[in-house]
Amino acid sequence: MTRLPLIAHTAPGATFAWRDGEALDAARYLADVSRLADALPARQHLLNVCADRYRFAVGLGAALVRGQVTLMPPNHTPATVAQLLDYAPDAYCLHDGDDHGIAMPGLAVPASRPEADCAWSVPQIEATQVCAVVFTSGSTGRPEPHVKRWGPLVTDVTGEAQRLGLTDDPQRTLVATVPPQHMYGFESSLLVAMHSGAAFDASRPFFAADICAALDRIAGRRVLVTTPFHLRALLAESGALPALAMIVCATAPLSPQLAREAERRSGAPLLEIYGCTESGQLASRRPVLSNEWEPWPGVRVETRDGRAWASGGHVEQPTPLADVIEVQADGRFSLLGRSADMVNIAGKRTSLAYLSHELNSIAGVEDGVFLMPDEASEDGIARLAAVVVAPGLSRSALLDALRGRIDAVFLPRPLVFVDALPRAATGKLPREALLSLLTPRRPQGETGDRS
């Protein structure tokens, strides 16, 4: 059986993580993992809710050593926790030691402590061992489980480390605004560090000032792992940014002007990652240079019978994708929109993702999104809507700019101006929250904006 190390490309005294400006070395991490592994209850499943990224990493390592599976649901609401217990009745909660409010048996990750002359022994984990079960919101309303094995996860983040240049320059520290419980944060702020020799920051800064403070506490070359939502807020609220080696972005479409502004202000390249929970990370691009995505080593993205599929590399079995793609001869591909986002109005077809991209490409638009309301307009015809943050633009100016970019049949009716879009912490936009903005704010006489 193939066995792969818990951590790789690091030495005992190398910095593994930073917490509040203190460097924690790799030997200390392995000692903390060993101590916690001995204390874990004899159960098969755990829910790791540690907000401290280092404690989460210790819990993950201890679970792997004990052969236990980390459950990663989309949220920790009482309803979701109840469904988790239906899936894994023996599950317990690993937490930071505060009042986590999770209705299952709990265990706090003990405080880390330095070890004197501790033995250097890196645990070896079976490649086929189940590391985590990640849940997505199913069509029935119940979370759908997706099994993640250790070997494919390591292959996935090894490809990412190569793409980010971490294997050539491991002396970097990842500072992430996304939680480790999210698949993107799990892979790109934690596992990629564990298997490249890079370090990570234990915090999860949210506000712009906190992100800058976290970066300032760290010596050396810093990589910001973030989302368009956090990046937009950081650029809007900060003056000079701390020097960065790279920005990594995912979870939501990134507007071209935001990518350009981020690179200009940070002096660092911005790499965008494409993937999904089902397949893991699949490809990357630098949006200021190209709209095309380059797959991870060994990964193939292709269309079959009108549907996009991912296979090869770390993808254990051919996996359908929710996006409409166009594949080039060299294997690179372009995203045309999500399958569920495709709209057909007056015989003309496009995607909501494309329309939102064009909206966000207009000078003066800070954030915006197109959507299709649940009901038709008063004349019985389906109409698109858009919600936008554009404080310096009038309705007529914005519509004129849109007319120069998209077909008139796709102009939004209504077009709602807001101070901020109701984005979740990962940058995603809950449809229900968007719909709630339409009805109460629908302006009188909206038909005057029709073409």
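The values are calculated or read from the model by the stated rules, or taken from the named source; none is laboratory data. Note that the structure is predicted; figures quoted are calculated from it, not measured. Positions of Cβ are generated from backbone atoms using ideal geometry, with glycine treated the same way; all protein chains shown enter the neighbour counts.
For the stretch 208-230, which positions are in contact with a helix residue (DSSP H, G or I) (Cβ under 6 Å, 6 or more places away or on another chain) and among the aliphatic types (A, V, I, L, M)?
208, 211, 225 - these are the residues of the stretch 208-230 that are in contact with a helix residue (DSSP H, G or I) (Cβ under 6 Å, 6 or more places away or on another chain) and among the aliphatic types (A, V, I, L, M).
With the requirement that a residue be at pLDDT below 90, loosely packed, with under 15 Cβ neighbours inside 10 Å and either of a type in the set (Asp, Glu) or assigned to a helix (DSSP H, G or I) (or both), what does the stretch 327-370 give you?
The answer is 340, and nothing else.
I'm checking my understanding of the structure. Among residues of the stretch 419-451 that are modelled with pLDDT of 70 or more and part of a helix (DSSP H, G or I), which one is nearest to residue 251 (Cα to Cα)?
431
Of the numbered conditions (1) in contact with a strand residue (DSSP E or B) (Cβ under 8 Å, 6 or more places away or on another chain); (2) closer than 18 Å to residue 189 by Cα; (3) at pLDDT 95 or above, residue 58 satisfies every one except a single condition; which is it?
Tallying (1) in contact with a strand residue (DSSP E or B) (Cβ under 8 Å, 6 or more places away or on another chain); (2) closer than 18 Å to residue 189 by Cα; (3) at pLDDT 95 or above, residue 58 fails exactly one: (1).
Would a scan of the stretch 220-231 turn up a residue that is surrounded by fewer than 19 Cβ atoms within 10 Å (Cβ to Cβ) and outside any loop (DSSP other than H, G, I, E, B)?
Yes.
What single numbered condition from (1) part of a strand (DSSP E or B); (2) touching a Phe, Trp or Tyr at 6+ places or on another chain (Cβ under 9 Å) fails to hold for residue 180?
For residue 180, the exception is condition (1).
Considering only the stretch 296-312, state which residues are under 16 Å from residue 273 (Cβ atoms) and crowded, with 21+ Cβ neighbours inside 10 Å. Step through it out loud before you land on a result.
Initial filter on the stretch 296-312 (under 16 Å from residue 273 (Cβ atoms)): 296-297, 299, 301, 310.
Scanning the stretch 296-312 gives 296, 299, 301, 310.
Can we say residue 64 is under 30 Å from residue 218 (Cβ atoms) and within 24 Å of the chain's Cα centre (by Cα)? Give the derivation first.
Values: under 30 Å from residue 218 (Cβ atoms): yes; within 24 Å of the chain's Cα centre (by Cα): yes.
It is true that residue 64 is under 30 Å from residue 218 (Cβ atoms) and within 24 Å of the chain's Cα centre (by Cα).
Being assigned by TED's automatic domain parsing to the domain that holds residue 195 and under 30 Å from residue 218 (Cα atoms) narrows it down to one residue among 26, 79, 42; which is it?
That would be 26, the only listed residue that is assigned by TED's automatic domain parsing to the domain that holds residue 195 and under 30 Å from residue 218 (Cα atoms).
If I ask for residues that are outside any helix (DSSP H, G or I) and closer than 20 Å to residue 150 by Cα, which ones from the stretch 60-83 would you list?
If we filter the stretch 60-83 for residues that are outside any helix (DSSP H, G or I), which is where we start, we get 67-77.
Passing the criteria: 67, 68, 69, 70, 71, 72, 73.
Looking only at residues that are among the hydrophobic types (A, V, I, L, M, F, W, C) and farther than 14 Å from residue 181 by Cα in the stretch 43-83, which one is surrounded by the most Cβ atoms within 10 Å (Cβ to Cβ)? Working first, answer last.
Quick first cut of the stretch 43-83, residues among the hydrophobic types (A, V, I, L, M, F, W, C) only: 46-47, 49-51, 56-58, 60, 62-65, 69, 71-72, 79, 81-82.
Filter once more, keeping what is farther than 14 Å from residue 181 by Cα: 62-65, 79, 81-82.
Values: 62: 25, 63: 23, 64: 22, 65: 19, 79: 11, 81: 20, 82: 11.
Once the filter is applied, the top-ranked residue is 62.
Output the residues belonging to the stretch 134-173 that are part of a strand (DSSP E or B) and touching a Lys or Arg at 6+ places or on another chain (Cβ under 7 Å).
Within the stretch 134-173, 134, 172, 173 meet the criteria.
Can you pull out every residue in the stretch 13-42 that is in a loop (DSSP other than H, G, I, E, B) and either surrounded by 16 or more Cβ atoms within 10 Å (Cβ to Cβ) or hydroxyl-bearing (Ser, Thr, Tyr) (or both)?
Listed by number, the residues that qualify are 14, 40.
Does residue 97 count as in the same structural domain as residue 215 (by TED's automatic domain parsing), surrounded by fewer than 18 Cβ atoms within 10 Å (Cβ to Cβ), under 22 Å from residue 37 (Cβ atoms) and of a type outside the set (Ser, Thr, Tyr)?
Criteria met by residue 97.
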